[in-house]
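K.L.:
Let me give you the structure first, and then I'll get to my questions.
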Amino acid sequence: MKVLLLSPELFRHEGGIARIMRLYLKALCEIAGPTGRVDSVVLNDQPGHEPRLADYTNDRLGEHVGCDYRKLRFLRSTLRLSRRADLLICSHLHQLPITWLAAKLDSRLKYLLVAHGIEVWRPYSLLERRALLGAHRILCVSEYTRRQMLRFCPDLDPARLVVVPNTLDPRFTPGPNQPALPTLFALPRILSVGRLASADAYKGFDLLIESLPLIRRDYPTARLRIVGQGDDQPRLTALATRLGVAGSVDFLGPIDDEALRTEYAACDLFALPSRREGFGLVYLEAMTHGKPCIGARAGGAPEVINDTVGALVEYGNLADLAAAVSDLVRHPRDSEVVRRHAGTFAFPVFQRRLAAILG
């Protein structure tokens, strides 16, 4: 198997697509076989040596090209490397027309699209629609994403759209004998993780802050810790001040993986009441630490969270959100059940599913 993987980003910034595409690269290298080869072209990453690449590849990796935001270099590298590939895997709809062009220039090539979430939950341009119709497979991270794509492009063959749930980075997963951390804060300690960008206001960080006065009626010492950064943080900080809960909200900014693992281990529950999550890797990260999760009954979150591992709430309903926090405090979920549920999305499961699809 000779594969060319196209990605918008792998290492330059941390984001859900970058993190899952690193795992696609790892899985492809491991299932390529002794005569296989995996080439990689990344639009936004810098050219040259990337030390973290070794964690996600093996000797099946051929060329790895970082294009430093240069679209012409991305196009040229894609067309050059596609000549020695059997299969192209495109990891973002915006890059699919280039993938379609490469296949047009070489009729033996097949190509796949990885469909994550909001980038495909919309009407498509004529060129995007044509490229979608030519895809051999579309790998959807959730059934919700699959339904949305069929909604916006009814001409798609439903059999070509297959659900491949996201997976956890095996390097992030805590070991079975991870020592318990001392209590750092008062009960309950609520953790949330994500980009604090105004374009991502749908993630619901403001709803968590707005629900704190309700939560503190029953739990005066409740604390919300938010990991992430972005241009929406000043608004969120001002919101906490206006509601009189600034002393109960900690904005931690961006932190490394070790510090993030500490936050997951120290929290009592995780919450991200987003209405537009294609999947929600952060839910799995929290569950791997045995922590129950709160998500909105929207997007792909209901395919990750159920009553045994957390709670789903109506997006925007503050009373519902506060009640879910109270329920998880008063009726804690079994941490081993939560971990086992996360295990159903483990990397070996993902790799086997991908290998079966690729044949």
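K.L.:
Could you work out how much longer the chain between T308 and R151 gets when fully extended? Use 0.36 nm per residue separation minus the Cα distance between them, nm to one decimal.
P.N.:
53.4 nm
K.L.:
Can you tally the net charge around R235? Count Lys and Arg as +1, Asp and Glu as -1, for every other residue whose Cβ sits under 15 Å from the Cβ of R235.
P.N.:
With Lys, Arg at +1 and Asp, Glu at -1, the net is -2.
K.L.:
On a 0 to 90° scale, report how tilted helix 233-242 is relative to the longest principal axis of the chain, with both axes built from alpha carbons and the result rounded to the nearest 10.
P.N.:
The helix 233-242 is inclined about 20 degrees to the chain.
K.L.:
Taking loop as defined by DSSP and a crowding limit of 14 other beta carbons within 10 Å, which chymotrypsin sites (Phe, Trp or Tyr not before Pro) in the stretch 1-108 fit?
P.N.:
Passing sites in the stretch 1-108 are Y69.
K.L.:
Out of the stretch 105-157, which GluC sites (Glu not before Pro) are coil in DSSP terms and have no more than 14 other C-beta atoms within 10 Å?
P.N.:
Those that pass, being in a loop and sparsely packed, number zero.
K.L.:
Which value at 222 nm does the chain reach when only helices count, each DSSP H run of 4 or more adding -39,500 (n - 2.57), with the total divided by all residues and rounded to the nearest 500 deg cm²/dmol?
P.N.:
One gets -11000 deg cm²/dmol as the mean residue ellipticity at 222 nm.
K.L.:
DSSP loop (so not H, G, I, E, B), at most 14 other Cβ within 10 Å: list which trypsin sites (Lys or Arg not before Pro) in the stretch 44-121 pass both filters.
P.N.:
Of the trypsin sites (Lys or Arg not before Pro), the ones in loops of the stretch 44-121 whose Cβ has at most 14 other Cβ atoms within 10 Å are R70, R83, R84, R108.
K.L.:
Where Lys and Arg each count +1 and Asp and Glu each count -1, what net charge lies around A265 among other residues with Cβ under 13 Å from its Cβ?
P.N.:
That sum, taken over residues with Cβ under 13 Å, equals 0.
K.L.:
For the stretch 22-91, what's the relative contact order in percent, using C-alpha pairs closer than 8 Å and at least 6 residues apart?
P.N.:
Result for the stretch 22-91 is 34 percent.
K.L.:
To the nearest Å, what is the center-to-center distance of the stretch 255-279 and the stretch 47-122, using C-alpha atoms only?
P.N.:
Here the answer is 30 Å between Cα centres.
K.L.:
Near P97, within a Cβ-to-Cβ distance under 9 Å, what is the net charge of the other residues, with Lys and Arg +1 and Asp and Glu -1?
P.N.:
0
K.L.:
A further question follows. So which of K26/K203; K71/K203; K71/K104; K2/K203 end up more than 26 Å apart by C-alpha?
P.N.:
Correct reply: K26/K203; K71/K203; K2/K203.
K.L.:
Any chance you could give the angle, 0 to 90 degrees and rounded to 10, that helix 257-266 forms with the longest Cα principal axis of the chain?
P.N.:
So the helix axis and the longest Cα principal axis differ by about 40 degrees.
Here, each number is a calculation from the coordinates, and none is a lab measurement. Predicted, not measured: the structure shown is a model, and the values here were computed from it. All Cβ positions, glycine included, derive from the backbone under ideal geometry; neighbour counts span all protein chains shown.
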